[in-house]
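J.: Input: one structure, supplied below.
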Amino acid sequence: MPGMNGLELLTQIRKVGKGVDVIVVTAACDNISIKTALRFGAVDYIIKPFEFERLEAALAAYRELAQLMKDQERINQLESDQCILYKEPALPANLPKGIDRNTLKNIWEKIHLMKRTAFSTEEMAGNVGISRVSMRKYLEFLHHIGILELELLYGTIGRPVYKYRCKSLANKSIYRYL
């Protein structure tokens with residue numbers, strides 16, 4: 001948008017009192033941008049790049065909420081919770097381009113053996129025997145589907161190191177891709 005970004009536009013919409021619903025689609029992934037969007041009434045926040053299924057899920061959830069609001073004057077707690085709180089993350093139906101099932105299975109086996117020990121992209125690439133660039137794609141995919149959590153560690157010098165850790169070995173969402 002010329003002259004302003006989406007969050008600035010959302011802020012302006014709220015300042016003039018427009019009651020429109022907004023799904024934010026942006027590359028901004030910092031917590032300040034996300035908090036700002038939510039504080040100004042965004043009904044969802046989608047970070048680029050994203051799978052089409054994620055946008056589809058956001059629109060479906062919004063449609064469901066809008067229909068509920070249209071059909072019913074009063075809403076009970078369960079209905080409110082289902083529309084607002086308990087949205088399941090939309091997982092991609094298939095493996096993304098560039099992610100091989102056999103390599104993913106090999107990586108998952110190594111992660112599983114490490115239990116909940118944190119590891120870097122470089123460490124895991126060395127364990128599996130693929131390049132750091134390729135490994136980063138796989139680890140970002142596993143982070144995207146909720147298998148891995150990501151932490152940023154700052155050393156005394158140089159760049160910070162991203163460390164991944166398995167959220168839960170009991171997470172079953174990985175098995176649909178293996």
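The values are calculated or read from the model by the stated rules, or taken from the named source; none is laboratory data. A quick note: this is a predicted structure, and the numbers were derived from the prediction, not measured. Every residue, glycine as well, gets a Cβ built from its backbone with ideal geometry; the counts of neighbours run over all protein chains shown.
J.: Pick from region 108-159 the residues that are assigned to a helix (DSSP H, G or I) and among the acidic types (D, E): which of them is farthest from K48 (Cα to Cα)?
T.: My answer is E109.
J.: Scan region 8-48 for residues that are of a type in the set (A, V, I, L, M) and surrounded by fewer than 13 Cβ atoms within 10 Å (Cβ to Cβ) and jot them down.
T.: If the condition is that a residue be of a type in the set (A, V, I, L, M) and surrounded by fewer than 13 Cβ atoms within 10 Å (Cβ to Cβ), then V16, V20, A27, I32 are the ones that fit.
J.: Can I ask one more? Output the residue which, of all residues in region 149-178 that are aromatic (F, W, Y) and under 27 Å from D100 (Cβ atoms), is surrounded by the most Cβ atoms within 10 Å (Cβ to Cβ).
T.: Y164
J.: If you take the residues of region 160-178 that are out of contact with any Leu (no Cβ under 9 Å at 6 or more places or on another chain) and outside any loop (DSSP other than H, G, I, E, B), which of them is nearest to N106 (Cα to Cα)?
T.: Among those residues, the one meeting the criterion is Y175.
J.: What are the pairs, 6+ residues apart or on separate chains, where a residue within region 33-56 that is small (G, A, S) has its Cβ under 6 Å from a residue that is modelled with pLDDT of 90 or more?
T.: Qualifying pairs under 6 Å: A37/V24; A37/Y45; A42/V22; A42/V24.
J.: Now, a different point. Cβ-Cβ under 6 Å, sequence separation 6+ or interchain: first residue in region 159-172 and in the same structural domain as A118 (by TED's automatic domain parsing) and modelled with pLDDT of 80 or more, partner of a type in the set (A, V, I, L, M, F, W, C) and not in a strand (DSSP E or B). Which pairs?
T.: K163/A118; Y164/L139; R165/A118; C166/I111
Results for (1) at pLDDT 80 or above; (2) under 27 Å from G146 (Cβ atoms); (3) surrounded by 11 or more Cβ atoms within 10 Å (Cβ to Cβ), shown as yes or no for each residue.
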position	(1), (2), (3)
G6	yes, yes, yes
F50	yes, yes, yes
D71	no, no, no
I84	no, yes, yes
L95	yes, yes, yes
I99	yes, yes, yes
L104	yes, yes, yes
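J.: For region 40-53, state whether one or more residues are of a type in the set (A, V, I, L, M) and farther than 28 Å from L152 by Cα.
T.: Scanning region 40-53, I find at least one residue that is of a type in the set (A, V, I, L, M) and farther than 28 Å from L152 by Cα, so the answer is yes.
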